[in-house]
Amino acid sequence: MSRGQDSFKQRYSRALDEEFLQEALERATTRFRLGRSMSLGDIEDFDALRQQGKEIKEYALSQLDVNLGALADRVEEAGGKVFWAQTGEEARQYIADLAGARGVKLAVKSKSMTTEEIDLNDSLAEVGVEAVETDLGEYIIQLAGERPSHLLAPAIHKTKEQVAELFSEKLGEDLPNDIGALTLAARRALRQKFLNADMGITGANFAVAESGTIVLITNEGNGRLATSLPPVHVAVVGIEKVIPTLSDLSVLLKLLIRSAAGQKISSYVTMVSGPRRGWEIDGPREFHLVLLDNGRSRILNSEYRQSLHCLRCGACLNVCPVYGKIGGHAYGWVYPGPIGAVITPLYNGLKENRDLPHASTLCGACMDVCPVMIDLPEMLLKLRRDEAEQKFGGLWERLAFKFWNYGVGSEGKYNFFSRLGRKMQSPFVRNGKIAKPPFPLSRWAKERDFPPLAENSFRERWADMENDRPSEEADG
Amino acid sequence: MTDSENREKILEEVRKALLTGEIAPIGGRQKPETSESLPSTENIEVLTGKFIEEAVLVGGLVHRAADAEEARNHLKGIIGKCEAKLVVRWDDPLLAELGLDDVMKKAGVEVITENLRILADAEEGGYAPPEKIEEARAFVKQKLAQADLGITGAQYAIAETGTLVLSAGEGRGRAVSALPPVHVAVVKTENLVSSMEELLPLASGSQGRDIPTMESCLYFITGPSRTGDIELALTIGVHGPKELHIILLGAE
């Protein structure tokens, strides 16, 4: 299901016009890039670490059935409950039913892209549960009724003035345009939610099979409160997040946190292995692990398996020239940037999202920064190929390539069409370029100029040079 | 559909995918070499120095104490500065040994100790009616909501990143280091390790055993809570504590 009724073009055009968004994207991506490079300073061979990360992920997926089984067994041994959800709908239903059975009125959520993927908040609202986002950025956009614009800093598109206005309205206080005061206001408001919540809902950055542990990485402390105070904890975790061992975890933690926020470690890393035990004074009475497939096993079975390695760090966003201009909303779903351009078509259909794989210059910067070396450009190309094979592209494009295919089919045809092209282009060449070619090339030339075909082809010039050159071999 | 049917369905899909899908690249089927944890070869002084450097870098406040008296003095100072009236603390042997309660009582501070058995009036054998237990939990939660300061120990500390490692358990609550605006953690230098790689096998008790066992919750604290979510401006003190004080116990 794609979000919104408008097209990719409409969304990105809007984004390009928004001045503050452009500034914010510039600021955010620059800051994150800088943070990332600086945080690599103390690691001798970061590329070797990335290679390790890639191998861990490959190995983890190659044994996914075993790892999932082990994870579930360990969680159940520790007194937790595991629900296996094949679809988003099954996961939503399970959580809504659980909320109903436990009389849940208020749930606090720690940031989870997976729960956004399945629209969990909507289905909870339908059964009368208020689900409050507690990550400050997510809280802001929840109050504003918007979608996140960046993977890590979901509300960077908002100015502090906008946040002040929003908070003043929603919290019923008169708040100044001061970031400290606004943060304090959010803290006060959300503390009440944490204290009164009947359920805490989180995702997980990793799930470790050998110990039955899920791992939450936060800086604000909302993950800690959501897993300490409410009596029930539900963790929604995509099946691709399972890794075999704790030592694998320490490698991936290093990679993820540095790539994401440029820190050596986040303020809080919380490792949960089941509900509270015995005479613990707080912590959840019940722990529910919802393992979500929702298309992941299908992707496992495809040429795009590598996309499941993604750690959701956001590093690719920060270097992508396209994302840097259009921001997260333009991608139309939950995951933006290069990884979003790959997985949105995979989860929600290539036909509906056929523009996304084209929103790339194939510069490869994303692959260079990916902590687990995912070959994103390769997958974008494959998606474009899929699109062509399934004939979603425009008619003119298909005809143009059919013609091209024919025209370069032999040397004779190539020479003929080149000479023809040279003759036919002359009315359109001005100042050494073709700015306004005839239809259908005119559509492509709206934002580009064509260079003209050269007067003499390289082969003709080479042949001329060969004829003119004095014979050196004769002298021996 | 029953739970095990759901489980089988998904595992079946996964197995099918692995058999017919893209063959994992070379190396994908072998367990990759991850650096096995090495025992800390650094001496405690080196680790201590590194830990302090890193902890301060992320905004923690470190107080070195050679003995119990110095620890008590540090706490006295912190309590005074925060004007604390209500403190919740772990029921931890180290904290008791240090005699921290005396300092607080003298300063007129109300101290709640997280001993659920006592708070629920449990009998010798360990039984208490469920309602009393729930009441006791609710009581502590309410106190935590109002507390000015929370005191805990720390099972370990990681020098590489200036990180405290706490595990939940009887007498060791989770929210006490997250809800109050100030968190004081007492840690011994002898519990310092160099890195996360070294820490995890220790924390999971997996050295020399096949299957690691983790506590219900193991959490890592590095500095006070922070966010950059509004205009990327760094703000300290969001949902977690604004101030983190670390009393580092060990001969100087």
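Values quoted throughout were computed directly from the atomic coordinates according to the rules given, and no laboratory measurement underlies them. Predicted model only: the values in this text are computed from it and were never measured. Note: ideal-geometry Cβ built from the backbone for every residue, glycine included; neighbour counts use all protein chains shown.
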Per-residue Cβ contact counts at 10 Å, fewest first, order A:Ser168, B:Ser4, A:Ser149 as B:Ser4, A:Ser168, A:Ser149
Between the modelled labels at A:Ser426 and B:Asp102 (7 Å from Cα along Cα→Cβ) the distance in nm is 10.6
Under 15 Å by backbone N from the virtual spin label 7 Å along Cα-to-Cβ at A:Phe458, the residues of segment A:382-425 are A:415
Rounded to the nearest Å, the spacing of the alpha-carbon centers of segment B:166-228 and segment A:357-394 is 41
Assertion target for A:Tyr414, A:Tyr139, ordered by fewest C-beta neighbours within 10 angstrom first, is A:Tyr414, A:Tyr139
Taking R0 as 60 Å and r as the Cβ-Cβ distance between A:Glu411 and B:Val46, the FRET efficiency 1/(1 + (r/R0)^6), rounded to the nearest 0.05, comes to 0.25
The FRET efficiency for A:Glu352 and A:Arg419, from their Cβ-Cβ distance with R0 = 56 Å and rounded to 0.05, is 0.85
Correct semi-axes for segment A:348-396, from √(5λ) of the alpha-carbon gyration tensor and rounded to whole Å with the largest first, are 23, 10, 9
Here, B:Glu123 and A:Ser302, labelled 7 Å along Cα→Cβ, have an inter-label distance in nm of 6.2
In this structure, the FRET efficiency calculated for A:Glu466 and A:Ala400 from their beta-carbon separation, with R0 = 35 Å, to the nearest 0.05, is 0.50
Partner shielding of A:255-266, taken as the mean number of other chain Cβ atoms within 10 Å, equals 3
XL table A:Lys325/A:Lys446; A:Lys241/A:Lys264; A:Lys81/A:Lys170; Cα-Cα > 28 Å flagged, in table order, is A:Lys81/A:Lys170
Beyond 15 Å, the calculated P(r) of segment B:104-162 holds a percent of Cα-Cα pairs equal to 63
Taking the reciprocal of mean 1/r across every pair of different Cα atoms in segment B:33-180, the Kirkwood radius in Å is 17.3
Placing each pseudo-label 7 Å from Cα in the direction of the beta carbon, A:Ala125 and B:Lys81 end up separated by a distance in nanometres of 4.5
quick shape note, segment B:114-202: Cα extents on principal axes in Å, largest first -> 45, 31, 17
Residue-ordered couplings for segment A:274-284, obtained by feeding phi - 60° into the Karplus form 6.51 cos²θ - 1.76 cosθ + 1.60 and rounding to whole Hz (Gly and Pro as x), are x, x, 5, 10, x, 9, 5, 7, 9, x, x
Taking every other residue with Cβ under 15 Å from the Cβ of A:Glu455 and scoring Lys and Arg +1, Asp and Glu -1, one gets +4
re the protein assembly as shown: pairs of Cα atoms spaced beyond 45 Å account for a percent value of 28
Output row, site A:Met113, 7 Å Cα→C-beta label point, backbone N cut-off 14 Å, window segment A:207-235, residues A:217
Given backbone amide H placed at 1.01 Å from N, residues whose amide H is under 5 Å from that of B:Asp229, ignoring those fewer than 5 places away on the same chain, are none
Counting every C-alpha pair in segment B:93-252, the percent lying more than 20 Å apart is 60
Across A:417-424, the residue-averaged tally of Cβ atoms belonging to other chains within 10 Å stands at 0
For segment A:396-474, the convex hull over Cα atoms projects on average to an area in nm² of 7.4
Taking Cα atoms, the helix A:88-101 axis meets the longest principal axis of chain A at an angle in degrees (rounded to 10) of 10
Ranked from fewest to most other Cβ atoms within 10 Å of their own Cβ, A:Ile214, A:Ile374 fall in the order A:Ile374, A:Ile214
Note to self, chain A gives a 222 nm [θ] from helices alone (DSSP H runs n ≥ 4, -39500 (n - 2.57) apiece, / all residues, nearest 500) of -15000 deg cm²/dmol
Residue separation between A:Arg188 and A:Arg312 times 0.36 nm, minus their alpha-carbon distance, gives in nm 41.7 nm
